[in-house]
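So the structure is just underneath, and the comments pick up after that.
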Amino acid sequence: MPQNTPADSRMLTIVNAIIIPMADGSDWFRGWMTVGNDGCITGLGEGEHPDHPVAHAHADADSGTGTDADGPATRMRARTVIDAHGAFVAPGFISAHSHIFTSGMRGMTPGDNLYGWVGTQSAFISGAGEDDIYWFTLHGCLDFIGNGITSAYNFTDSRVVGRYDPVTDRREIYSIRDERYLQRQVDAARDSGLRVLNSIRLDSEFQPVEQAFEVFADAVAYVESSVPAELNLGTSVFGAVQWSETEQAARDEVRAMDAHGIGNQAHFLETSEALDQQREKFRWYEDAGALREGFLFGHFVHPDTDMAETAARSGSGMVWQPTSNGRLGSGVADIPRYRDLGMPIGVGLDDQSCTDISDPFQNMRIGMYTQRAVHQDASILLPRDMIRLHTLGSAEALGVADRVGSLEMGKFADFVVVNPSSPDTGPVWDVYASYAFACGLRNLEQVYIGGVLAAENGRPVHPAAAEASSQLHERVRSAAGRTGLTLAW
């Protein structure tokens, strides 16, 4: 195992931890990890750290931020040492498919499938303005961080206000918001400290085509200019052909991909509703030349055999939302088949309004258990495989595995501290099984992004966290009132 860099460049040292790196070719080990002042991992090793053979959490006198062995430091600065006391230290979770602005919409339409649910959601969000969407998104990002999610692919809410009718396969448009509505979502994600890949919808069906491309280019430029490089995982096309009326929409998305050298994640074949018309639109993407490395199918629950094989041959991947697919009655994606075909596979938490709790531990368990039940095979998806899908596998699918997804030297020090003894989950027979089966949010003690404490005991340490909560409640009530919707309480 490589040694760490000189002590004067270390910001943080974790000792006495069960390290779960999730790097290919690695296994868990009991040892230490160091983080440099740039927020990247500078060393990993088994056993006792050579500079800290006795495990005590402390900070050097010049930092003034450490604590003793009874608890973690509240803010990480130069040369802080943390004793993990045998807790699991694992990569932060990656949500490879998210709609973070929905944080105030949990419990909405509890008995509806996709189209009924999204119709009510669209009605509600039509009453939101640019300041509302900022606070909705900030609250959602902080919710992610508090639950151990350190990176996310985020579908920003479109500027177009309208409603899709699956019976007619048409979208009724009410208005188009100012570009600032989109920018404020980028601002909120940036301000939260979450690493984000921003996904932007190309609304070429609803405004002059060249104007739509200009707006899209402006949005890409805004992300590049306003988000610090360390938080910016890139931009992507928000694939929307599932709700489009003509094949030209697919060609327009490919034009945007090529113009900016970016990928595309398309919601596709998510629900069994209107399945024939969804499947017809697969050909639109194929004929347009969209299927390639960097193209992802979000959900991909209901492809036929030819579609799955065609997607895999092209290098396209898919992103799986097990909790969302269960909540909305969408079905169970055939993950073993996609894995056997060699497709890149990521995992997402989707909307807060259709996962309700953005819980990656729950997401892993629902994923594993549904696959095992459907295939009647308890070995079809093992805990280590599922953890990888929600960390490094998601990073690979999104094309950001050089920076996040595993605990490796040179990558960002984005990690969680999960204590199987608090509350006690019993003896650890298998590290991966204990982590994925027996642990949950109740065991999640700290979340670090770039080696800096971002959440503790489920609560983000962000200075605006309390305001984000109060703003969310007030603004959701106001938006609901403007659209004729009524909250229960």
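The values are calculated or read from the model by the stated rules, or taken from the named source; none is laboratory data. For clarity, every value in this text was computed on a predicted model and none was experimentally measured. We place every Cβ from the backbone using ideal geometry, glycine too, and count neighbours over all the protein chains shown. What goes into the accessible areas is simple: the full protein's heavy atoms, side chains included, and nothing from ligands, DNA or RNA. Shrake-Rupley method; radii C 1.70, N 1.55, O 1.52, S 1.80 Å.
Using the alpha-carbon atoms, what tilt in degrees (0 to 90, nearest 10) does helix 209-226 show relative to the longest principal axis of the chain?
10
What whole number of Å gives the distance from the Cα centroid of segment 133-188 to the Cα centroid of segment 191-226?
Cα centres, segment 191-226 to segment 133-188: 12 Å.
Output the peptides 25-31, 228-234 sorted from most to least packed, where packing is the average of other Cβ atoms within 10 Å over each peptide's residues.
Values: 25-31: 14.3, 228-234: 15.9.
Per-residue Cβ counts within 10 Å, averaged per peptide and sorted highest first, yield 228-234, 25-31.
Hey, got the Cα dimensions of segment 358-489 along the principal axes, in Å, largest first?
Dimensions of segment 358-489 along the principal axes of its Cα atoms: 51, 40, 37 Å.
Going by alpha carbons, how many degrees (0 to 90, nearest 10) lie between the helix axis of 465-482 and the longest principal axis of the chain?
Helix 465-482 sits at roughly 20 degrees to that axis.
Just to confirm my numbers, what's the Cα centroid distance between segment 320-378 and segment 410-489 in Å?
Segment 320-378 and segment 410-489 have Cα centres spaced 20 Å from each other.
Taking the Cα atoms only, what angle lies between the long axis of helix 180-192 and the longest principal axis of the chain, rounded to 10 degrees?
Tilt relative to the chain: about 10 degrees.
Determine the share of the chain's accessible area contributed by carbon and sulfur atoms, expressed in whole percent, with a 1.4 angstrom probe.
Details: 9100 of 18200 Å².
So the carbon and sulfur contribution to the accessible surface is 50 percent.
Can you compute the helix-only [θ] at 222 nm over the chain? Use -39500 (n - 2.57) per DSSP H run of at least 4 residues, normalise by all residues, nearest 500 deg cm²/dmol.
Working: 14 runs with 162 residues, N = 489.
So the calculated ellipticity at 222 nm is -10000 deg cm²/dmol.
Placing one identical point scatterer on every Cα of segment 264-311 and ignoring solvent, what is log10 I(q)/I(0) from the Debye formula at q = 0.17, 0.23 Å⁻¹?
-0.43, -0.82
Quick one: accessible area per residue over segment 144-272, 1.4 Å probe, rounded to a whole number of Å²? Walk me through the numbers before you get to the answer.
Working: 4350 Å² over 129 residues.
About 34 Å² of surface per residue is accessible.
Evaluate segment 178-254: find the radius of gyration of its Cα atoms, find its Kirkwood radius, and give the ratio Rg to Rh. Could you put the intermediate results ahead of the total?
Details: Rg = 13.2 Å, Rh = 13.2 Å.
The Rg/Rh ratio comes out at 1.00.
Restricting to the chain, what percent of DSSP beta bridges are antiparallel, rounded to 5? Write out the running numbers ahead of the final one.
Numbers: 37 of 74 bridges.
So the antiparallel bridges in the chain amount to around 50 percent.
Calculate the tail of P(r) for the chain: the fraction of all Cα-Cα distances greater than 43 Å, expressed in %. Could you put the intermediate results ahead of the total?
On the way: 16480 of 119316 pairs.
The calculated P(r) of the chain puts 14 percent of pairs beyond 43 Å.
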